[in-house]
Amino acid sequence: HRDGKAMGLPVTFDIERYFHSASIAWNSRGTSFISLRKGMEDPVLVYQDRSRLHRKGYQHNTVKVIERMMLDMLLAADPFLDIVKDDEGGIVRMSQAWRNPKEFDVLSDEFVEKSIQHSRGASLSAARDILERIHTRELYSVVFSKDYLLFDKMCQEKLVKMAKFGQGKLVEGDLAVLFKNVNMGSGSPLEEAVFNNTTRPGVHYTLKKDSDIVRNLVPGETSLITVMVVCRKKGEEAARDARLLASEWVEMMEQEEGVVVAEDACVLEEG
């Protein structure tokens, strides 16, 4: 509810109704579990709201692109940024600081970002350039986006090789593949829920996947993988080459056994 209000996204789940319907019960082994007296749609609403927040907020296309740019910035800065020191005064790389809590505590988001932003050496120029692009919203171009039920993430290696050996203005490292995973938990939320039998107090039951109630309340597909291709290189010419290469790559990938296109999936190509 807090995040939904902050992002202006509607949340339909009524938490008060859910808790008023819930009670604690014990099975024959003495293990406790939560049982619901009514409101079979409530567990579904929880996960529908969760999926909506991920799709339109946490994993929005722009969020995923900036996440990738932040990662690229940190990778570019890691060998050169000297803001973490050990007890002897030696430099500790950011990627190694997690080994020591005292050293890791130095790495606040603001400190790392400001250290890169206000650096002067040529060694950190690549990291500074990426950070400047984030601040000015000169983001990587999204040249392809499509929904899949299954997608073998190893397929992205083929796109990297195609950019390396292909024709045009692109070179190795100009393209990146991003993945958005939006789902309703590990499966159907109603299959995990336990309900009271109102006509037989003390008796509990679960719903089967193929029951009419589940089919009516739960979407046919509860998990989608959105595959996005972004172009790091600036300019419309590079973006055009990237779109062509991504289309060729996708056509090849969709012939693989580990790739299943979502029904009614649409292709998004942006400049």
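The values are calculated or read from the model by the stated rules, or taken from the named source; none is laboratory data. Just so you know, these numbers come straight off a predicted model, no measurement behind them. With ideal geometry, Cβ positions are generated from the backbone for all residues, glycine too; neighbour counts draw on all protein chains shown. Only protein heavy atoms, including side chains, enter the accessible area calculation; ligands, DNA and RNA are left aside. Shrake-Rupley method; radii C 1.70, N 1.55, O 1.52, S 1.80 Å.
The set of residues from the range 87-101 being among the β-branched types (Val, Ile, Thr) and open to solvent by 100 Å² or more (accessible area, probe 1.4 Å) comprises just one member, Ile91.
Restricting attention to the range 6-28, does a residue exist that is among the polar types (S, T, N, Q), more than 25 Å from the chain's Cα centre (by Cα) and assigned to a loop (DSSP other than H, G, I, E, B)?
Residues of the range 6-28 that are among the polar types (S, T, N, Q), as a first pass: 12, 21, 23, 27-28.
Filter again for more than 25 Å from the chain's Cα centre (by Cα), leaving 21, 23, 27-28.
Among the residues that remain, those that are also assigned to a loop (DSSP other than H, G, I, E, B) are: 27-28.
Yes, that holds for at least one residue.
With open to solvent by 80 Å² or more (accessible area, probe 1.4 Å), out of contact with any Phe, Trp or Tyr (no Cβ under 6 Å at 6 or more places or on another chain) and among the aromatic types (Phe, Trp, Tyr) as the only criterion, which of Phe165, Phe179, Phe104, Phe144 stands out? Lay out the reasoning, then the answer.
Details: Phe179 fails: open to solvent by 80 Å² or more (accessible area, probe 1.4 Å); Phe104 fails: out of contact with any Phe, Trp or Tyr (no Cβ under 6 Å at 6 or more places or on another chain); Phe144 fails: open to solvent by 80 Å² or more (accessible area, probe 1.4 Å).
That would be Phe165, the only listed residue that is open to solvent by 80 Å² or more (accessible area, probe 1.4 Å), out of contact with any Phe, Trp or Tyr (no Cβ under 6 Å at 6 or more places or on another chain) and among the aromatic types (Phe, Trp, Tyr).
State yes or no: is Gly202 farther than 20 Å from Val65 by Cα, within 24 Å of the chain's Cα centre (by Cα), modelled with pLDDT under 80 and open to solvent by 30 Å² or more (accessible area, probe 1.4 Å)? No; evaluated as a whole, the condition is false for this residue.
Just checking, which of Val63, Val106 is assigned to a loop (DSSP other than H, G, I, E, B) and free of Cβ contacts under 8 Å to residues at least 24 places away in the same chain?
Testing whether each residue is assigned to a loop (DSSP other than H, G, I, E, B) and free of Cβ contacts under 8 Å to residues at least 24 places away in the same chain leaves just Val106.
For Arg137, indicate whether it is open to solvent by less than 80 Å² (accessible area, probe 1.4 Å) and modelled with pLDDT of 95 or more. Spelling it out, it is not the case that Arg137 is open to solvent by less than 80 Å² (accessible area, probe 1.4 Å) and modelled with pLDDT of 95 or more.
Restricting attention to the range 74-90, the residues being in a loop (DSSP other than H, G, I, E, B) and among the hydrophobic types (A, V, I, L, M, F, W, C) number 4. Cβ-Cβ contacts under 9 Å between residues 6 or more apart (or on different chains), taken from a first residue in the range 13-25 that is among the hydroxyl-bearing types (Ser, Thr, Tyr) to a second residue that is open to solvent by 70 Å² or more (accessible area, probe 1.4 Å), are listed as Ser21/Arg37; Ser21/Lys38; Ser23/Ile34; Ser23/Arg37.
Please enumerate the residues belonging to the range 136-169 that are farther than 30 Å from Met252 by Cα and either in contact (Cβ under 8 Å) with a residue 12 or more places away in the chain or touching a Cys at 6+ places or on another chain (Cβ under 6 Å) (or both).
Of everything in the range 136-169, just one residue is farther than 30 Å from Met252 by Cα and either in contact (Cβ under 8 Å) with a residue 12 or more places away in the chain or touching a Cys at 6+ places or on another chain (Cβ under 6 Å) (or both), namely Glu138.
Looking only at the range 109-122, residues that are in contact (Cβ under 8 Å) with a residue 12 or more places away in the chain and either of a type outside the set (S, T, N, Q) or open to solvent by 60 Å² or more (accessible area, probe 1.4 Å) (or both) come to 6 in all.
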